[in-house]
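Working notes, beginning with the structure itself.
The values are calculated or read from the model by the stated rules, or taken from the named source; none is laboratory data. Keep in mind that what you see is a predicted model, and the values were worked out from it rather than measured. Note that each Cβ is placed from the backbone with ideal geometry, even for glycine, and that neighbours are counted across all protein chains shown.
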Amino acid sequence: MQYSDFTLGQTASVTKTITEFDISAFAGITGDMNPLHVNAEWAARSRFGGRIAHGMLTASFISTVIGMHLPGPGAVYLKQSLTFLKPVRIGDTVTARGEVIELIPARRWIRLRTTVENQNGEKVVDGEALVLWAPLETNDSKRAGV
């Protein structure tokens with residue numbers, strides 16, 4: 001795909017159901033063993049009344065959208081803002097979306113509105129990302145820099 005193929009309003013999404021394994025694997029990889037995520041008894045006494053997924057696990061599906069779909073392989077993440085709005089629990093199905101909201105051709109940058117919604121259509125994460133489109137090393141991409 002060429003940079004000129006991207007258009008304002010273009011979207012892509014991925015959907016994933018959160019499992020016990022996802023939370024355990026994320027905790028093991030990151031070392032974030034917060035009992036809110038990994039200890040059912042402790043989490044039951046929390047304001048959430050039970051375990052919730054790591055916020056960054058939920059937000060990581062935005063990375064899947066960017067790295068695999070929009071803009072896709074070769075994208076370089078430059079910046080991401082995130083606001084966590086609602087908890088995600090084991091068994092929830094989340095859909096991460098990216099929407100092109102600005103194209104900056106001189107830098108080959110793409111600004112995306114990024115969101116994650118649960119199976120009820122409730123927004124659980126809101127944010128924006130800035131991405132460099134550089135799928136192959138070219139003179140143009142070297143000049144654009146990061």
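Observations on the model:
- Condition met for residue 98 (surrounded by 17 or more Cβ atoms within 10 Å (Cβ to Cβ) and either over 30 Å from residue 49 (Cβ atoms) or touching a His at 6+ places or on another chain (Cβ under 7 Å) (or both)): yes
- Residue check: residue 53 meets all listed conditions (1) free of Cβ contacts under 8 Å to residues at least 60 places away in the same chain; (2) closer than 17 Å to residue 117 by Cβ; (3) in a helix (DSSP H, G or I); (4) among the hydrophobic types (A, V, I, L, M, F, W, C) but one, namely (3).
- Residue that is nearest to residue 25 (Cα to Cα) [pool: residues in the stretch 81-122 that are under 13 Å from the mean Cα position of the chain (by Cα) and basic (Lys, Arg)]: 97
- Condition check for residue 70: under 16 Å from residue 113 (Cα atoms) and surrounded by fewer than 18 Cβ atoms within 10 Å (Cβ to Cβ): no
- Residue check for residue 96: at pLDDT 95 or above, more than 29 Å from residue 135 (Cα to Cα) and either in contact with a Pro (Cβ under 8 Å, 6 or more places away or on another chain) or in a strand (DSSP E or B) (or both): no
- Taking residues in the stretch 23-41 that are more than 12 Å from residue 90 (Cα to Cα), and partners anywhere that are at pLDDT below 95, not one pair has Cβ atoms closer than 7 Å while being at least 6 places apart or on different chains.
- Qualifying residue in the stretch 1-21 (condition: closer than 22 Å to residue 120 by Cβ, free of Cβ contacts under 8 Å to residues at least 40 places away in the same chain, assigned to a helix (DSSP H, G or I) and out of contact with any Gly (no Cβ under 6 Å at 6 or more places or on another chain)): no
- Taking (1) of a type in the set (A, V, I, L, M); (2) buried (at least 20 other Cβ atoms within 10 Å of the Cβ); (3) part of a strand (DSSP E or B) in turn, residue 88 satisfies each apart from (3).
- Scanning the stretch 113-141 for residues that are among the aliphatic types (A, V, I, L, M), surrounded by fewer than 12 Cβ atoms within 10 Å (Cβ to Cβ) and at pLDDT 95 or above turns up nothing.
- Residues (in contact with a Phe, Trp or Tyr (Cβ under 6 Å, 6 or more places away or on another chain) and buried (at least 21 other Cβ atoms within 10 Å of the Cβ)) located in the stretch 43-67: 57
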